[in-house]
1. Can you name the number of the only condition in (1) in contact (Cβ under 8 Å) with a residue 60 or more places away in the chain; (2) within 13 Å of Ile214 (Cα to Cα) that Gly268 fails?
2. Output yes when any residue across the range 227-240 is surrounded by 21 or more Cβ atoms within 10 Å (Cβ to Cβ) and of a type outside the set (A, V, I, L, M, F, W, C), and no when none is.
3. Would you point out which residue out of Thr235, Thr289, Thr229 is under 14 Å from the mean Cα position of the chain (by Cα) and in contact (Cβ under 8 Å) with a residue 12 or more places away in the chain?
4. Among the listed residues Ser252, Ser287, which satisfies the condition of being surrounded by fewer than 24 Cβ atoms within 10 Å (Cβ to Cβ) and either under 18 Å from Ala208 (Cβ atoms) or at pLDDT 95 or above (or both)?
5. Starting from the range 65-91, take each residue that is surrounded by fewer than 19 Cβ atoms within 10 Å (Cβ to Cβ) and of a type in the set (Ser, Thr, Tyr) and list its partners that are modelled with pLDDT of 95 or more and assigned to a loop (DSSP other than H, G, I, E, B), counting only C-beta distances under 7 angstrom and pairs at least six apart or across chains.
6. If you go through the range 58-76 one residue at a time, do you hit one that is in a strand (DSSP E or B), closer than 18 Å to Val300 by Cα and aliphatic (A, V, I, L, M)?
7. Out of the residues in the range 129-160 meeting the condition of being over 14 Å from the mean Cα position of the chain (by Cα) and either among the β-branched types (Val, Ile, Thr) or outside any strand (DSSP E or B) (or both), tell me which one is surrounded by the fewest Cβ atoms within 10 Å (Cβ to Cβ).
8. Check the range 26-37 and report whether any residue there is at pLDDT below 95, closer than 22 Å to Val297 by Cα, surrounded by fewer than 22 Cβ atoms within 10 Å (Cβ to Cβ) and aliphatic (A, V, I, L, M).
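The values are calculated or read from the model by the stated rules, or taken from the named source; none is laboratory data. Because the structure is a prediction, the values reported are computed rather than measured. Cβ sites come from the backbone with ideal geometry, for glycine too, and all protein chains shown count toward neighbours.
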Amino acid sequence: MMVKSVIDVGTNSTRLLVAKVSDGKVSEIVRLTKITRLGDKLNATGRISIESAKRTADVINDYLNIAKKENAKVIGVFGTQALREASNRDEILDYFESATGKQVKVISGEEEAIYSFKGATLELGDKKKVVVDIGGGSTEIAFGAGQPESVVSTDLGCVRFTEKYGLVNRVSKDKAEEIVKEIENQLRLSFSKKNLSDYQAVFLGGTATTLAAIALGLEKYDRKKVHLTSISRSTIENIAFELSLLDAKERSKFKVIEKERLEVIAAGALILLGIINVFEIENIIVSETDLLDGLLVFAV
């Protein structure tokens, strides 16, 4: 059994997993998430700012120290949508390497979807699934049973949509419904009509886990309670519209929402709602195992 570690440098958050891995089974030692907003203003400027890169590099260094203290023999660092998209990507990657001593490997949207699928389904058997990972800059959707059979990466992301529609602030119900319709129309450009009646719908990422925590009425986040929770479409719709009718400060009435997620959670919730509307999904399962687990087992 080997101790391995993986760091996911995302558009909105930077995450760490240190675990013992044996025969595809993950025995978690440390799992951390920090909102670092690497993709802040990326949608408007096309570039990652040095301020965003610096605060992300600081967290990467913290995580590397933790992984080393836990005697991780292998440490992989991976980047996703913000680093795929930024016009100054090479400059930022060079900065990360000089600031942390580690090379960040940028994975494609398709690779991200595959690893998310594999990580999410480690405990869920071979039933057919649609696995959806909503991130800050993109959303990955994969279909399959034991293995993903088809994958699509879209540019639906909670940071991107927050900036595009001013969703730090409250919007009207009509405006929120318009945004959901745009999400649905965008998805229909990527997907032909697909019957998912015999598929299990599994959702990953901070948006899904936060909505699950709200639906459960939690005041303090509890990963064990959230993992594999089922939420109905009507519950998701109610929460999504309630969040969009509040501004970022007012959303703090839900104590379970991380302070750094208050600005982007409404956009994420509307994206999630648009996805389940298009695929006519009535219930989703929220998984706490995801891209990190897939990368840990299959990529490092």
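1. Only one criterion is unmet by Gly268, namely (2).
2. No - not one qualifying residue is present in the range 227-240.
3. Result of the check over Thr235, Thr289, Thr229: Thr289.
4. The conditions single out Ser252.
5. Ser87/Gly46; Ser87/Arg47
6. For the range 58-76, residues in a strand (DSSP E or B), closer than 18 Å to Val300 by Cα and aliphatic (A, V, I, L, M): present.
7. Taking the candidates together, the pick is Gln147.
8. Checked the range 26-37: at least one residue is at pLDDT below 95, closer than 22 Å to Val297 by Cα, surrounded by fewer than 22 Cβ atoms within 10 Å (Cβ to Cβ) and aliphatic (A, V, I, L, M).
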